[in-house]
Amino acid sequence: MGMSDAWLLPLLPAAAFVALTLLGPYLPRRGDWIAVGAIGGVFVLTLLIIADFTDALAVQGEAFAGVANSIQWLEVPGHLELRLGIHVDAVTIVMLAVVSFVGLMVQVYSLGYMKGDSRYGWYYAVISLFIASMLALVLADNFLLLYFAWELVGICSYLLIGHYSHLRSATEAAKKAFITTRLGDVGLLIAIILLWRETGTFNIQEVIAAAEAGQIGTEILTASVVLLLLGAMGKSAQFPFHVWLPDAMEGPTPVSALIHAATMVVAGVYLVTRMLPLIELVAGGPELLLAIGLLTVFLSATMGLVMTDIKRVIAYSTINSLGLMFVALGVGAPAAAMVYLFTHAFFKALLFLGAGSVIHATERQDVSQLGGLWSKMPITGVTFAIGALSMAGLPFLAGFWAKDEILVSLLDNRAAFVLVLVTLPLTAMYMTRVLILTFFGEPRDPESHEHAHEGSPFMTVPLILLAALTLVSGFVVFDQVGKAMGFPGGIGEIIFLERAHSFEFDVAVGIGSTLLVALGIATAWFAWVARPSVPARSLALLRPVHDLWANKYYLDDLYQAVIDRVVLSIARVVAWFDRNAVNDTGVDGPAYATRYAGYLMKFQQTGKLPNYALGMVIGVVTLALVAFSLKA
Amino acid sequence: MEAVTQQIPLEHFLALSAILFSLGIYGVLTRRNAVLILMSVELMLNAASINMVAFAAYASPELFTGMIFAIFIITVAAAEVGLALAIILRVYRNRGTANVDEVSDLKW
């Protein structure tokens, strides 16, 4: 099992999807064991592929540029040849590790969380397809396959967010997620077509090579990079497309973990990482990326501060993290972004699964109804605290190292550096806030608190594993750790061999960021533990700011207004045309004409035999006369 | 056969057939009694048969195609008459008349 056999990976869960869809109701346990088995197989195969990757690195060293394997898909001789294939390099390996491990954890966790759900089998079918499409997306060596997988990820997220289809809010959220990301997807599709027109190939590596050789005109390249970014921004919930992500919390919580940690949202980051050489060729491309990232980081950090839904707070922290990845990509530090993606996957999955544990136990997800769960649910409490503090960026947890990588890469860009630093205490503050409000203090809803209990081992074991990884996974940035694991160095050196990036720990930055994080945590502790009257009093003081944040900067309302005014008025014109021109004239018209013609002609049927006979005679005589006259 | 084709020209047969056919049409169009209409139709059929036989005898006497056709027509006509008379009988039993003018329910 080597890297060139990696095409097997997406096929396993895809086969599970087919099996569950066709046979689901007839299988014992609705076939969940097939889905879990498939993702387990994927995880084992991924480990084998990583071993093969390590060998290849050991043999080829820096010369290793990835393994490709493709088959001919269809050919129009002389015009077009479409190939279908995979490309495995270091970035793919990181993504595979994340997707397969988090996917496995989420599926195991779902065994406990989704137990008794009325659409249990369908849930497992779709989540398998989701993972299959994400694997295909990161393996694809050409834009066509990537785009198929990209759209499949979109449709699966739609199905999963709307899983509780009896809830109107869930179906609305599913539509919102699908349509918002779809806006960006159109851009991606146009970009792919543009690039194909210029280079004649869909192969990603060939397109990048052609662009670097200057074969693509500046205007076309600029347009396609901007459109490409649009697609990535939609999927990765960057401003101004970020609105779908908090609403996506309507789905089952394990799905939120999957969407936010391993699949959907990192697809955009992955695409930008892949296409970074192209983006950097365009003047202003990296700057655009940086600006989007900074704006997203700042907006999400402030909004996360005032949300009361435990899942929504974590959702805003995801947008925050994605913004940070875009910032890192914008300053040309893809290795830092990938390190952040790698560690973020673990602690974000941990946070969501922990939140799911709380929701499962209390059936509440608003922090104003939670509290005091620490003693009731110690495993969830400890693991959630590890995840939250890692997200906050407390030293020596995974999030700290990854965030530090990004900060170091920002040192040359003072403005961005300062802006990111400003958001650090905010992030620390809202993560600590949600932790305190959920697990400490007095229970605000004694009834649900009474019944709260730890979930089954299916739920606690993934939490413990993810917490363990959150504790240690940050250390992969060190060369020594990488070497001990058989790699030539730390993770930053493996990814992007052509742009080696060994980890440099800037003590000043580290201490500074730690102080800021500590400031945020202390503020949160002061406000919600030591002086519980502070939030209420500051709320009275800062009412307008709070309202601005709680209403998400009124962006949702703005979008709704645009939809109401512009989209719906266009829709009304279209509807009028459809009703009058297409329906009444085009469809009903011929029907009425036929009926009227029938009415006119029915009087020929007199019922009198001699009339018919006379008609026949006249007809025959006329035909005979015509025949004779033509002959003559 | 030889003698007949030599003595009488083809046109005479055709004229006879045309006259018979016209008589048939006239009968179909003017008679009201269904039995008489049926008899007129038989006249038309026979006119066609005469045409067949005459053409066969004059054009290719060795093949007998027309004669075979005529025999088929007679067979079909016999079956048709049996069917038609049965229908007329039923109509008469039901309505007490075989007058086609009075049997005109199938109209708009």
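FYI, it's all coordinate maths here, none of it is from the lab. Everything numeric here is computed off the predicted structure, so don't read it as measured data. All Cβ positions, even for glycine, are placed from backbone atoms using ideal geometry, and neighbour counts span all protein chains on display.
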Between the Cα axis of helix A:334-362 and the main Cα principal axis of chain A, the angle (0 to 90°, nearest 10) is 90
Length gain on complete extension for the stretch A:Ser375 to A:Ile193, per 0.36 nm per residue less the alpha carbon to alpha carbon distance? 59.8 nm
Sorted from largest down, what three extents in whole angstroms do the Cα atoms of chain A have along their principal axes? 112, 62, 52
Averaged over A:600-611, how many beta carbons belonging to a partner chain fall within 10 Å of each residue's beta carbon? 4
FRET E, pair A:Ser4, A:Glu363, Förster distance 56 Å, beta-carbon r, rounded to 0.05: 0.70
Which ordering of A:Asp479, B:Asp105 is given by a fewest-first count of other beta-carbon atoms within 10 Å? B:Asp105, A:Asp479
Using 0.36 nm per residue, how much length does the chain from A:Ile179 to A:Val382 gain when fully extended, once their Cα-Cα distance is taken away? 69.3 nm
Give the dimensionless ratio obtained when the Cα radius of gyration of segment A:1-89 is divided by 2.2 N^0.38 Å. 1.44
Which residues in segment A:300-314 place their backbone N less than 13 Å from a point set 7 Å from the Cα of A:Ser169 along the Cα-to-Cβ direction? A:308-313
At 222 nm, what value in deg cm²/dmol follows for chain A if DSSP H runs of at least 4 each add -39500 (n - 2.57) and the sum is divided by all its residues, to the nearest 500? -23000 deg cm²/dmol
Peptide-level mean, for A:612-619, of C-beta atoms on other protein chains within 10 Å: 2
Please identify which residues in segment B:21-37 have an amide N closer than 16 Å to a label point set 7 Å out from the Cα of B:Phe72, following the Cα→Cβ vector. none
Hey, got the average number of other protein chain Cβ atoms within 10 angstrom for residues in B:28-40? 2
Measure off 7 Å from each Cα along the Cα-to-Cβ vector at B:Leu83 and A:Trp576, then give the distance between these two points in nanometres to one decimal. 6.1
By Cβ neighbour count within 10 Å, fewest first, A:Asp584, A:Asp185 rank A:Asp584, A:Asp185
For segment B:10-95, what class follows from the C-alpha gyration tensor (a ≥ b ≥ c being the square roots of its eigenvalues): rounded when a/c is under 1.5, otherwise prolate if a/b is larger than b/c, else oblate? oblate
With angles folded into 0 to 90 degrees, how steeply does helix B:10-30 sit against the dominant principal axis of chain B? Use alpha carbons for both and round to 10. 0
When the convex hull of the Cα atoms of segment A:167-292 is projected onto a plane and the area is averaged over all directions, what value comes out in nm²? 7.6
Neighbour counts of other C-beta atoms within 10 Å: give me A:Met114, A:Met391 arranged from fewest to most. A:Met114, A:Met391
Relative to the longest principal axis of the C-alpha atoms of chain A, give the angle of the C-alpha long axis of helix A:398-409, reported between 0 and 90° and rounded to the nearest 10°. 80
Length gained when the stretch A:Thr308-A:Ala209 is fully extended (0.36 nm per residue, less Cα-Cα span): 30.8 nm
